[in-house]
1. For the structure I just gave you, tell me whether Lys213 is part of a strand (DSSP E or B) and free of Cβ contacts under 8 Å to residues at least 24 places away in the same chain.
2. Could you grab me the full set of residues in the range 172-194 that are surrounded by fewer than 16 Cβ atoms within 10 Å (Cβ to Cβ) and among the aliphatic types (A, V, I, L, M)?
3. Considering only the range 110-132, state which residues are of a type outside the set (Lys, Arg) and either touching a Lys or Arg at 6+ places or on another chain (Cβ under 7 Å) or without any contact (Cβ under 8 Å) to a residue 40 or more places away in the chain (or both).
4. Among the listed residues Ile3, Ile73, identify the single one that is on the phi < 0 side of the Ramachandran plot and touching a Leu at 6+ places or on another chain (Cβ under 8 Å).
5. If Thr167 passes every condition in (1) outside any loop (DSSP other than H, G, I, E, B); (2) open to solvent by less than 40 Å² (accessible area, probe 1.4 Å); (3) under 30 Å from Ala403 (Cβ atoms) but one, which one does it miss?
6. Can you name every residue in the range 326-335 that is open to solvent by less than 60 Å² (accessible area, probe 1.4 Å) and farther than 27 Å from Glu399 by Cβ?
7. Go through the range 173-210 and give me each residue that's closer than 24 Å to Arg159 by Cα, without any contact (Cβ under 8 Å) to a residue 24 or more places away in the chain and polar (S, T, N, Q).
8. Have a look at Asp120, Asp96 and point out the one that is outside any helix (DSSP H, G or I), modelled with pLDDT of 90 or more and open to solvent by 40 Å² or more (accessible area, probe 1.4 Å).
Amino acid sequence: MNISITPTETAGVSRRLQISVPAETVASYEDQAARKYATQVRLPGFRPGKAPPSMVRKKFPEAVRQEAIEIVINEAFREAIEREGLKLAAQPHVHDLKAEPGQPLEFELHCEVRPELVFDKLDGYTVTRTETAVTDELVEEQIERIREQKAEWTPIEDRAAEGDMVTALLSTAEADGTLPEGKEYRIVLGGGQAIAGIEELIMETAPGATAEKSVRWPDDFPDESQRGVSKLVRIVVKDVKRKALPALDDAFAREVGDFDTIEALREAVRKDMGEHTRREAEADVRGQLIKQIVEANPFDVPKAWVMQLVDGYMQMYGVPEAQKQTFAKEFFPMAENQVRRDLIIDTIAERESIGASASEVDARVEELAKARNADPGQVYAQLQKQGRLTEIEREITEEKVFAWLLEKNPVTAA
């Protein structure tokens, strides 16, 4: 195609190309556009799609020209990408289009290209492993959290105390001093769910009773306009419930899971916590490596890839439309780091021919099947149907890449 291409920006993964197509070339595409448009319209005296292109051009000049412009832009952009040898990371965007009749068609093409990573340094990094010891105290803290989850709330007749759950109707005075109808709240006292003055009023009020009191909003209240403001508050305590923790015995262990004794539960908790701390330590080691690799081998990543990841997380978390812009701004740096991490792993895996083999994927599926006490063939079929075999392949590849890196960068204990 007879076009002129002038690069106007080459920075990182960003490319901008100024493209110009001669007027006669654009005109030559109008016949092609007329033939295409003729298949979509009907003219009197002709069967559908059989009208002559010349008549279609005369009858629908603007529509045919617009069709020709779209064809020219698509052809020109493909020609430009091929000539410049660009490996696109995402669909390019057309900007500043000029398409006046009899004049060259001009536009600027904005592209992002796939980054080409060249690692100058992949060894000699300082990597330390910090693994938290699973002490008896930590095990008991986890057991207590499990007891909290199994606790029962029992109604009481006494006034509420810290730690009790209260259902109450709460109303605060409007600007004119009137008290609106109260709204029902369920509050665990001492948990920071209500300001201190309101909690004090609740604890002063017996179940079934109503009380009013002027309450001062704290100086660090999130809404700055309400800081230090005193308001009349009315509280109606509907009921008070007190938490009853289950006894720490063998019956509790059996209720929690398949454990005959409380000691068996403790050992299971200790084992789970140990595995968790090992996973955290391993993740930290990998994070140290990636951070140092990026610092020693800086590179840009396509914004389109980062935003694709951000959009995926927004869909997964169900972020409301009104909050999407804020979420994207806050999550962008994290998503950018994730894209860099994936690119490093993919590049090393390709360069060093490190990847998950079919037998390794099969072995991992067998491990999953054994853990579920299920048939490996059924588990494999289920994962394949869910499209999750690629996740397993990716996981194995990542493990092998980091094993390769750790051979070059030994880990020392913190």
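1. So Lys213 fits the description; yes.
2. Ala175, Leu179
3. If the condition is that a residue be of a type outside the set (Lys, Arg) and either touching a Lys or Arg at 6+ places or on another chain (Cβ under 7 Å) or without any contact (Cβ under 8 Å) to a residue 40 or more places away in the chain (or both), then His110, Cys111, Glu112, Val113, Glu116, Leu122, Asp123, Glu131 are the ones that fit.
4. When all the criteria are applied, what remains is Ile73.
5. (3)
6. Phe327, Ala328, Phe332
7. Gln193
8. Asp96
The values are calculated or read from the model by the stated rules, or taken from the named source; none is laboratory data. Just so we're clear, the structure is a prediction, and the values are computed from it rather than from any experiment. Every residue, glycine as well, gets a Cβ built from its backbone with ideal geometry; the counts of neighbours run over all protein chains shown. Only protein heavy atoms, including side chains, enter the accessible area calculation; ligands, DNA and RNA are left aside. Shrake-Rupley method; radii C 1.70, N 1.55, O 1.52, S 1.80 Å.
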